[in-house]
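The values are calculated or read from the model by the stated rules, or taken from the named source; none is laboratory data. Note that the structure is a prediction, hence the values are computed from the model and not measured. We place every Cβ from the backbone using ideal geometry, glycine too, and count neighbours over all the protein chains shown.
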């Protein structure tokens, strides 16, 4: 068996099914964050369960921590009280980014983790099957329901050699993205194997698995070996370690080989994480801003390296350097060891331990500017400035660039600093609220921004509507449901946030959808790539969107569409896109029968009089969910029957 199969077997999936076969995976742990967690908790509450049924569920506040106006604090208070009532651990604002903190405190080799954030696969760095999903899927897992997914193909990424000086784990995943592209991982798990694995620490492995989300992969995973044990010992959790590695004769769908010693510093250029080039080819390009942090690159090793690089130096005044530690543990170590002082004296701005700039929460670059970041996504406008160019690099490249005020190859700086990691990391309880054994007396506090949960519409005999928007390939969830300080404030208020659906693509979309009482969206390849934000399906459902017709869908967004009763219709021939125009009227007749029983059928374009052949790739469970108008409707019907 390979490692992924071994963990499936531990969780009762035996024998291992063929690729594409639906599997129902028992979930040990869940995580939510405030941008998705308020809705996930409202959904969990709607299930009528009195206590979470996982081994551990953690509610993090890490996305919208600015608390501009009452909206955010109201959501945070709601999350704290609902966690206390239903038995979740609560991580307070400023305590850190969910993936970094979960790795430090709660990650356990061999366990399963489902998170309402697309970068949940970070946990694969410690040997977990860690999968990102929509909030409703996580709410169901919290209620004890298995997570359903098609059995993925498992790809071996065989690592040999060791990284050269100044080359980092970020360069490894950028190389994978350069080879595989942002849609190359759909339906796949990337399992890292080979002798080069032993040379990478758990935080370095977590950087790689974190950005596996940008491949569209189900997840990425490393073995649990001596390096994993060393990490858990440093966190005081060595009793949770098990050795977990693939068999020597493990089988994989295919193998990629990367010689770590041959890699060089890389950068992802605007506006996709797979637009990768060598940093040396960008050398000398002026840079306005450098941001170091996010769940991808905010470990102590990352930031201590940056501090050593800038110690005793001064960042040029025309370049802004922003530092965002990943957790309170990291920030404490930087302070205790003096690195925080080195960063401050060099001119760095120190942010709260939160997602911040990565999700467009402040620190937007200037108009037409260049921002260099250690983050995981560089979609157009995600940084908060529509016409800025965002580049993704390692902390080492970012620090060298900040010092030069222009793109710089860190290898030109001589010998790299040597960073000694502490044998024991500080374990802090400040920032965590652990639930009582009985939360029955806890009052859930709801502010006026927390609105009731909308439900989908069951599929009838006919689904019809106008094509409200036609879109190209690689539409992201940022395109569908933008983030940023203002819009994120309404994540618990679907009527309000629905006003911003496609607002960066077509500001009139929401108004048009309401006037037309819903309709269809038509798009090209890889529709819905990016984050797990179910609001990109939930808000369109609220606006009356009945179906999305696309050449293909990203994994998580496809699941979210099904969860909220929106038909994910796949064009049998992508060239048929040319025959559909915005404003055309589409009709699916015998809709319920087609959804429940057929794999392909005709979608009639009544404007042109032409029939479009579409497929709907659903397993039996998904057919029931979709026909019921979404997973909550389906669950309630099961409880009533």
Quick check on region 350-394: of everything there that is over 20 Å from residue 286 (Cβ atoms) and not in a loop (DSSP other than H, G, I, E, B), which residue is modelled with the highest pLDDT?
350
Flagged in region 117-131 as at pLDDT 95 or above and touching a strand residue (DSSP E or B) at 6+ places or on another chain (Cβ under 6 Å), in numbering order, are 120, 121, 123, 124, 127, 128, 129, 130, 131
Identify, please: which residue in region 606-624 is crowded, with 16+ Cβ neighbours inside 10 Å and in contact with a helix residue (DSSP H, G or I) (Cβ under 7 Å, 6 or more places away or on another chain) and is, among those, nearest to residue 20 (Cα to Cα)?
618
For region 23-47, how many residues meet the condition of being outside any helix (DSSP H, G or I) and within 22 Å of the chain's Cα centre (by Cα)?
11
Of all residues in region 527-545, how many are farther than 17 Å from residue 494 by Cα and surrounded by fewer than 24 Cβ atoms within 10 Å (Cβ to Cβ)?
0
Taking the stated definitions as given, is residue 100 touching a helix residue (DSSP H, G or I) at 6+ places or on another chain (Cβ under 8 Å), surrounded by 19 or more Cβ atoms within 10 Å (Cβ to Cβ) and either in a strand (DSSP E or B) or in the same structural domain as residue 144 (by TED's automatic domain parsing) (or both)?
yes
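Would it be correct to say that residue 94 is farther than 20 Å from residue 538 by Cβ, touching a helix residue (DSSP H, G or I) at 6+ places or on another chain (Cβ under 9 Å), free of Cβ contacts under 8 Å to residues at least 60 places away in the same chain and in a loop (DSSP other than H, G, I, E, B)?
no
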Can you spot a residue in region 586-595 that is part of a loop (DSSP other than H, G, I, E, B) and touching a residue at least 12 places away in the same chain (Cβ under 8 Å)?
yes
Looking at region 619-639, can you tell me whether even one residue there is within 32 Å of the chain's Cα centre (by Cα), over 19 Å from residue 148 (Cα atoms) and free of Cβ contacts under 8 Å to residues at least 40 places away in the same chain?
no
Scan region 318-334 and tell me whether some residue there is surrounded by fewer than 18 Cβ atoms within 10 Å (Cβ to Cβ) and either more than 26 Å from residue 100 (Cα to Cα) or in contact with a strand residue (DSSP E or B) (Cβ under 9 Å, 6 or more places away or on another chain) (or both).
yes
Can you find even one residue in region 272-279 that is touching a helix residue (DSSP H, G or I) at 6+ places or on another chain (Cβ under 9 Å) and farther than 16 Å from residue 389 by Cα?
no
Looking at region 513-524 only, could you name the residues that are modelled with pLDDT of 95 or more and out of contact with any strand residue (DSSP E or B) (no Cβ under 6 Å at 6 or more places or on another chain)?
514, 515, 524
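Yes or no, residue by residue, for (1) surrounded by 15 or more Cβ atoms within 10 Å (Cβ to Cβ); (2) farther than 30 Å from residue 475 by Cα:
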site: 223; (1), (2): yes, yes
site: 228; (1), (2): yes, yes
site: 239; (1), (2): no, yes
site: 250; (1), (2): yes, yes
site: 263; (1), (2): yes, yes
site: 272; (1), (2): yes, no
site: 276; (1), (2): yes, no
site: 298; (1), (2): yes, no
Test: residue 59 is in contact with a strand residue (DSSP E or B) (Cβ under 8 Å, 6 or more places away or on another chain) and assigned to a loop (DSSP other than H, G, I, E, B)
no
Hits in region 452-470 - residues which are assigned to a loop (DSSP other than H, G, I, E, B) and surrounded by fewer than 20 Cβ atoms within 10 Å (Cβ to Cβ)
452, 453, 454, 455, 457, 458, 460, 461
Just a yes or no: is a residue in region 561-582 more than 32 Å from the chain's Cα centre (by Cα), surrounded by 15 or more Cβ atoms within 10 Å (Cβ to Cβ), at pLDDT 95 or above and assigned to a strand (DSSP E or B)?
no
Restricting the search to region 194-215, which residues are in contact (Cβ under 8 Å) with a residue 60 or more places away in the chain and within 24 Å of residue 1 (Cβ to Cβ)?
194, 196, 202, 205, 206, 208, 209, 212
Lone unmet requirement of (1) modelled with pLDDT under 95; (2) out of contact with any helix residue (DSSP H, G or I) (no Cβ under 9 Å at 6 or more places or on another chain) for residue 156
(1)
